[in-house]
C-alpha cells in the first residue's frame, strides 16, 4: 500500500487537526444516550472531545489503553451536600466523588443553598475544585434570612424581599432554587409562597429542586407532597426535580406505584418533572428532623430547648415524637452516624436507650439537647427502590452526607448491585441515568454524553471490579474500579490513583 492509499484510511477529522492530547484506545463505549455499547476510540484535545471512532492512525501526547474497560461520560450527581467541602482547600478535591466516576456535582439542595451564589462560584473558581460543581439558591436559607425561624406567613414586603433574593441568586449563576419543605424553616412556607419564589427562579431561567414536604405520613403524605410538587410546576411554569424520591416508612410502602402514575400523567401533560434516587434502604437525616415535630422548632433552637423542658409542652412533644418514631420503624431502625458526642456513633437509638436505662424518646431528647446527631434511618422497602429506579425520568443522586455510605458509594453500588448482580436495569440504562439524563434535566450544556464537541468529562472503569466499599460501619471508604477519570480533559484518576488535579469548574446557569 502506498502513502496516498494509506491516507485514505485515516479519518478526515484526524488529518485536518493537530495532535491529540489524549487518546483512549480499545474500550467499549457507552455514550450516555442509553444506546448499547460499541467499540470506539476517543480523542481529546484541550477540554473537549474531538474524535470518536477508529483512532488507530491517530497521534496523541498520551494514549490510554482501555481494552476490557467500559468508557462512558463522567457521572453527574444532582444532589451532593458538598458546599462546605468544595469551599475548604483541604477537601476541595472531592475525592469521594472522583473515585465513583463523578465528574460533576450539584449542591445547595434541600433548601440549604448559600445566599451568595456568585461569591461561592467565584471562590471555587479561584481556589480550584476536583469536580465540576453547580449549586442552587436555597429557599430555606432565603426564608431564614428574611424571617428567621418564624412559622408565620410572610408580609408582602417580606415576600418581595425573598423573591428578590431568589432572583439574584439565579442571576449570579445558581441553576435554580431548592427547597427542603420537610425541614424548618422551609416547612413553614405554604404552597402559594413557594410558588411565588419558584416563579422568581423561573423568570431567570432557573429550575426547581425539592426535598418533598412529606415522604412518609407526617403531614400531607407522600402522594400529597408529589401532588404539591406537580402543582408548583404547573403554576410557576418551571421544571421540577424531586430530590431522592422514596417511600419512607411502612405506612407508605407500595405507594411508589401511584406516585409513578401521577408523575407520568403530569409529564404527559407537558410538565417537566424528574427525580433522583440513591440505591440504599436507609435514608440519612438527623435525630431532630426525624423525630421532633416542626412546630417545636419554630423560633429556633433556643425555643426548641425551652419547649423540651417546659412541663406544659413536653407531654405533647413526647406523644408526637413517639408517633414519628413508629413511622421510622422503631428505635432499632435509627443508627447514629455523626454528631458532637462521638461515643454514640455506630450505635442504634434502642441500644443507647438501653444503656441509659431510659425510653428511646428520652434518649433522643437528651441527644437533641446535647447538640443533636445524624442518623441513618432504615425504613425503605426494596420493591419501591427498584420500582422508582426503572423509571426513565429517575436519575442517580447520592444525597451524599457525612456518616452515610452513599457519599462514597452511590454510583458504583448502582452498577454492582442493580446492573451486575440483580440485573434490575441494563448497563446503558444505568449510565444514561447517571449522565445524559441528568445533564438534560439540569440544563448542563455540552456535558453528560460522549459526543464530539462536548466537554471531555470521561471515565473508564473495570466492569469486573467496579463496586462500592463504604458501609454503615465504615462509611468513608473510597469506591473501587475506576481506572481513569478525566475532568475537562485533565486526568484526575490515573490507573486508579488520584493525581492531585483540580480540573473541575464552577458551572453557572446556562
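The values are calculated or read from the model by the stated rules, or taken from the named source; none is laboratory data. As the structure is a computational prediction, the values presented were derived from the model and not from experiment. Don't worry about glycine lacking a Cβ; one is built from the backbone with ideal geometry, like all the others, and counts go over all protein chains shown.
Could you say whether any residue in region 275-289 is farther than 19 Å from residue 472 by Cβ, in contact with a strand residue (DSSP E or B) (Cβ under 8 Å, 6 or more places away or on another chain) and not in a helix (DSSP H, G or I)? Yes, the conditions are met somewhere in region 275-289. Scanning region 91-111 turns up no residue that is surrounded by fewer than 19 Cβ atoms within 10 Å (Cβ to Cβ) and part of a strand (DSSP E or B).
Out of 263, 245, 238, one residue alone is in a helix (DSSP H, G or I), in the same structural domain as residue 439 (by TED's automatic domain parsing) and buried (at least 20 other Cβ atoms within 10 Å of the Cβ). It is 263. For region 212-226, taking the residues that are under 22 Å from the mean Cα position of the chain (by Cα) and in a helix (DSSP H, G or I), the one that is surrounded by the fewest Cβ atoms within 10 Å (Cβ to Cβ) is identified as 223. Look at (1) in contact with a strand residue (DSSP E or B) (Cβ under 6 Å, 6 or more places away or on another chain); (2) more than 19 Å from residue 204 (Cα to Cα) and you find that residue 148 fails only one, number (1). Does residue 209 satisfy the condition of being crowded, with 24+ Cβ neighbours inside 10 Å and not assigned by TED's automatic domain parsing to the domain that holds residue 324? Judged against the criteria, residue 209 is a match.
Looking at the structure I just gave you, is residue 448 in contact with a strand residue (DSSP E or B) (Cβ under 8 Å, 6 or more places away or on another chain), surrounded by fewer than 24 Cβ atoms within 10 Å (Cβ to Cβ), on the phi > 0 side of the Ramachandran plot and in a loop (DSSP other than H, G, I, E, B)? No: the conditions fail for residue 448.
Counting residues in region 157-170 that are surrounded by 21 or more Cβ atoms within 10 Å (Cβ to Cβ), in contact (Cβ under 8 Å) with a residue 24 or more places away in the chain, more than 20 Å from the chain's Cα centre (by Cα) and within 17 Å of residue 298 (Cβ to Cβ) gives zero. Could you go through region 392-409 and let me know if any residue there is over 18 Å from the mean Cα position of the chain (by Cα) and either touching a residue at least 12 places away in the same chain (Cβ under 8 Å) or crowded, with 22+ Cβ neighbours inside 10 Å (or both). No, region 392-409 has no match at all. Scanning region 467-480 for residues that are buried (at least 24 other Cβ atoms within 10 Å of the Cβ) and either within 16 Å of residue 72 (Cβ to Cβ) or in contact with a strand residue (DSSP E or B) (Cβ under 6 Å, 6 or more places away or on another chain) (or both) yields one hit, 479.
As a summary of the residue check, residue 416 satisfies the conditions (1) out of contact with any helix residue (DSSP H, G or I) (no Cβ under 6 Å at 6 or more places or on another chain); (2) assigned to a helix (DSSP H, G or I); (3) under 20 Å from residue 209 (Cα atoms) except for the one numbered (3).
Yes or no: residue 320 touching a residue at least 12 places away in the same chain (Cβ under 8 Å) and out of contact with any helix residue (DSSP H, G or I) (no Cβ under 6 Å at 6 or more places or on another chain)? When the stated conditions are applied, residue 320 passes them. Scan region 32-44 for residues that are touching a strand residue (DSSP E or B) at 6+ places or on another chain (Cβ under 7 Å) and buried (at least 16 other Cβ atoms within 10 Å of the Cβ) and the total you get is 7.
One residue stands out in region 426-445 among those that are in contact (Cβ under 8 Å) with a residue 12 or more places away in the chain and either out of contact with any strand residue (DSSP E or B) (no Cβ under 8 Å at 6 or more places or on another chain) or at positive phi (or both): the one that is surrounded by the most Cβ atoms within 10 Å (Cβ to Cβ), namely 432.
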